[in-house]
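For reference, the structure discussed in these notes is given below.
None of the figures in this text is laboratory data; all of them are computed from the coordinates on show. Bear in mind that the values here come from a model prediction, so they are computed numbers and not experimental data. When we count neighbours, we look across all protein chains shown, and the Cβ atoms used for this are built from the backbone with ideal geometry, even at glycine.
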């Protein structure tokens with residue numbers, strides 16, 4: 001661990017190692033066949049701050065190795081996320097008086113930029129995206145995108161050149177940035193005194209309750225609690241005015257609204273109280289996580305063994321980063337699972353690192369007809385059940401790796 005480590009939110013040195021998942025490859029670093037033997041792994045360890053309940057990695061893989069070149073996740077391929085962005089844009093159209101200018105931090109392929117322009121009726125929307133391949137896609141589609149890592153300095157540059165924004169968004173990125181204080185200060189620079197800052201992020205409470213260990217990987221530097229959100233707001237001179245729970249989003253997420261001028265809402269206090277009741281701020285509760293994670297690993301190994309008994313063929317449907325974590329934590333490889341299927345062009349033809357499972361176009365499911373499909377993106381089980389209704393009707397079965405539930409027609 002780094003010398004004299006301190007919490008990345010409150011600066012306390014009262015941090016405790018909670019979870020060690022061993023050496024893991026870059027979960028989104030899908031590989032070509034010729035690169036399988038050259039994969040690099042990194043220790044995946046998480047610590048908990050007794051001062052502000054921030055759940056965090058201390059030693060992080062440098063962001064440049066994770067995001068700056070070629071990033072495989074593409075928002076526009078994910079139908080439920082596209083719909084989620086549309087609904088949010090429509091909501092902002094109704095809630096905000098001014099919709100002249102919005103900034104999207106970590107804008108991926110520009111899907112959310114497009115939604116804010118079309119459904120939110122914003123006059124101008126600019127995205128900031130560090131992955132070069134995704135920034136190119138967005139700009140080719142006429143969705144204005146700056147290819148860079150967002151920071152306080154960049155926020156100052158944007159506000160200087162374009163003025164302050166009415167809305168500044170960071171959806172599903174606030175767990176991925178090395179310095180959350182610098183990042184949020186950048187959003188504050190863009191928002192000025194009147195703009196709204198909106199951040200969506202995976203929530204620590206459902207993570208703990210369901211032991212969602214597969215949601216952890218190299219680029220998931222943190223899992224946020226409402227309490228730690230409140231602390232980072234205070235440090236940046238902001239008010240956490242509202243927190244909304246989104247139970248179906250990414251296994252349980254929160255949408256936090258920050259203002260320069262405002263008051264803390266009732267929802268914030270209620271959710272912090274809920275976190276206290278559920279043990280998020282309790283050291284003894286947090287220290288049970290390693291034991292619970294090891295049980296999840298054992299359960300998954302037994303599940304795969306049970307499915308494979310009798311010669312059944314197992315595959316994976318959808319290849320989010322979380323499936324790489326679960327496979328490698330459990331030591332499951334191509335020996336047990338023959339292939340994976342996905343619709344993202346950048347993933348097809350590649351392999352899941354260490355597990356060495358090949359990824360095929362999901363159109364091949366009907367040709368191959370494996371007996372079981374483990375749903376990698378288990379947070380979209382309902383969507384998967386509907387999309388793969390034909391597969392179930394032909395005798396296949398879907399498997400939820402989080403709950404071990406097996407779904408048939």
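For the chain, the mean residue ellipticity at 222 nm estimated from helices alone is -10000 deg cm²/dmol, where every DSSP H run of n ≥ 4 contributes -39500 (n - 2.57) and the total is divided by all residues, rounded to the nearest 500. For residue 291 and residue 136, the FRET efficiency from 1/(1 + (r/R0)^6), where r spans their Cβ atoms and R0 equals 56 Å, is about 0.80. Taking packing as the residue-averaged number of other Cβ atoms within 10 angstrom, the listed peptides 91-101, 374-384 run from highest to lowest as 374-384, 91-101. Any chance you could give the angle, 0 to 90 degrees and rounded to 10, that helix 152-162 forms with the longest Cα principal axis of the chain? Computed tilt is about 60 degrees. Among 222-232, 272-282, sorting by the average number of other beta carbon atoms lying within 10 angstrom of each residue, highest first, gives 222-232, 272-282. Report for the chain the percent antiparallel among DSSP-assigned beta bridges with both residues inside it, nearest 5. Around 50 percent of the beta bridges assigned by DSSP in the chain are antiparallel ones. Label-to-label distance for residue 6 and residue 270 is 3.6 nm, based on points extended 7 Å past Cα in the beta-carbon direction.
How many times 2.2 N^0.38 Å is the alpha carbon radius of gyration of the chain?
Values: Rg = 21.1 Å, N = 409, 2.2 N^0.38 = 21.6 Å.
This ratio for the chain stands at 0.97.
Once the gyration tensor of the Cα atoms in the range 354-409 is diagonalised, the equivalent ellipsoid follows with semi-axes of 17, 16, 10 Å, ordered largest first.
In whole angstrom, note down how far apart the Cα centers of the range 318-377 and the range 166-221 are. A separation of 28 Å, based on Cα centres. Between the helical axis of 180-191 and the longest alpha-carbon principal axis of the chain there is an angle of about 50 degrees.
Legend: ranking of residues 82, 125 from fewest to most surrounding C-beta atoms inside 10 Å; resulting order 82, 125. Size descriptors for the range 310-407, from the alpha-carbon set: Rg then Dmax equal 12.2, 34 Å.
Compared with the dominant principal axis of the Cα atoms in the chain, helix 321-330 is inclined by about 50°.
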